[in-house]
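Working notes, structure below.
The values are calculated or read from the model by the stated rules, or taken from the named source; none is laboratory data. Keep in mind the model is a prediction, meaning the values are calculated, not measured. Because the Cβ atoms are built from the backbone with ideal geometry, glycine has one as well, and the counts that use them run over all protein chains shown. Only protein heavy atoms, including side chains, enter the accessible area calculation; ligands, DNA and RNA are left aside. Shrake-Rupley method; radii C 1.70, N 1.55, O 1.52, S 1.80 Å.
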Amino acid sequence: MKVYDTVNKCDVEVADVEEFISLMNSGRQVDVYLKKKKTDRDGYLTWDIEHWSSIEKDRFIRCYSLEGRVLRDSTGHNIYDLKSEFKPEDSLKVELS
């Protein structure tokens, strides 16, 4: 998957979710631009960009943005959650920051 690296100002090829996890564990943030807005099941939170980063080796945090504004909410995930929640292949575009 072609991903734009905002730090080095170039496109990079990322093979799979495991490589994204490795990048996050090395200190990079993965910004996933969704094709359409998502809303949680309670109707509390709506977002169109997910910002994923690593807290520890197998712990991750997802922050949210909506229409260019960073939201105050975030969610914590373990490595197993990440495998079901982190879907860069279904996105409009992905950036590394």
Charge dipole magnitude, Cβ of K and R +1, D and E -1 - the chain, Cα centre, debye nearest 20:
300
Using DSSP to call loops (not H, G, I, E or B), can you name the trypsin sites (Lys or Arg not before Pro) in the stretch 8-92 whose Cβ has at most 12 other Cβ atoms within 10 angstrom?
9, 41, 57
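Give me the percent of the accessible area of the stretch 2-96 that comes from carbon and sulfur atoms, probe 1.4 Å, all protein chains in place. Walk me through the intermediate numbers first.
On the way: 2810 of 5940 Å².
C and S fraction of accessible area: 47 percent.
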Output wanted: per-residue J couplings in Hz (rounded whole) for the stretch 44-49, from phi through Karplus 6.51 cos²θ - 1.76 cosθ + 1.60, θ = phi - 60°, x for Gly and Pro.
7, 10, 10, 8, 10, 9
Could you pull the Rg and Dmax for the stretch 47-97, using just the Cα atoms, both in Å?
11.0, 30
Give me the count of lysine pairs in the chain whose alpha carbons sit under 20 angstrom apart, restricted to pairs 8 or more positions apart or on different chains.
19
Within the stretch 65-97, which residues have the backbone N less than 15 Å from the label spot 7 Å out from residue 2 along Cα→beta-carbon, could you tell me?
92-96
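Under a 1.4 Å probe, what is the accessible area of the chain per residue, stated in Å²?
Values: 6060 Å² over 97 residues.
With all protein chains present, the chain gives 62 Å² per residue.
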Lys and Arg at +1, Asp and Glu at -1: neighbours of residue 48 with Cβ under 15 Å from its Cβ sum to +1
Tell me, what is the 1.4 Å probe accessible area of residue 4, in Å² to the nearest 10?
80
Dipole-positive endmost among 88, 47, 27 within the chain (Cβ charges, Cα centre):
47
Dimensionless Rg over Rh [the chain; C-alpha; Kirkwood]
0.94
